[in-house]
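First comes the structure, then the notes that go with it.
Values quoted throughout were computed directly from the atomic coordinates according to the rules given, and no laboratory measurement underlies them. Keep in mind it's a predicted model, so treat the numbers as computed, not measured. Backbone-built Cβ (ideal geometry, glycine too); neighbour counts: all protein chains shown.
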Amino acid sequence: MNSHGESSIYYPQSIYYDGTSIFVSDTSNARVLIWNSIPTTTGTPATGVFGQSDFNSAVSNSGGLSASSLSYPYGLIGDGAKLFIGDPSNKRTLVTPIPN
């Protein structure tokens, strides 16, 4: 069974809604999934991904530790302009502009 892709999530931990988009930490896939509107059905594909190069990758710190890689992201919170991602395996909170 494929536990990654734009319609799958593996061990979600946190959600943040900025009034338009929904962000969900997909912890075991080392990424944050993004929906540009509220999904109305189960299995609605995500429209964006942060922490991986594409929807089919699921590698911790894909490409090495950087401002766009994650390892088991947990908490999410935002201020409307920035997204704060708890990334405890990397011992940090990653701060990034709200990804689209």
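Worth pointing out:
- Extension gain, Thr96 to Thr42: 0.36 nm times the residue separation minus the Cα-Cα distance gives 16.6 nm.
- Virtual paramagnetic centre 7 Å along Cα→Cβ of Ile15, amide N under 11 Å, in the range 33-53: 38-40
- Rounded to the nearest whole Hz, the Karplus-based 3J(HN,Hα) values (6.51 cos²θ - 1.76 cosθ + 1.60, θ = phi - 60°) of the range 83-94 follow the sequence 10, 9, 10, x, 10, x, 5, 9, 6, 7, 10, 8, with x at glycine and proline.
- Assigned charges on the beta-carbon of Lys, Arg, Asp, Glu; the range 12-97 dipole about Cα centre (debye): 160
- Taking the C-alpha atoms of the chain, convex hull volume expressed per residue in Å³: 83
- Built amide H within the under 5 Å cut-off of Leu83, gap 5+: Thr96, Ile98
- Distance between modelled label sites at Phe84 and Val59, nm, 7 Å Cα→Cβ extension: 3.1
- Taking all Cα pairs closer than 8 Å and separated by 6 or more residues, the relative contact order of the range 12-97 comes to 25 percent.
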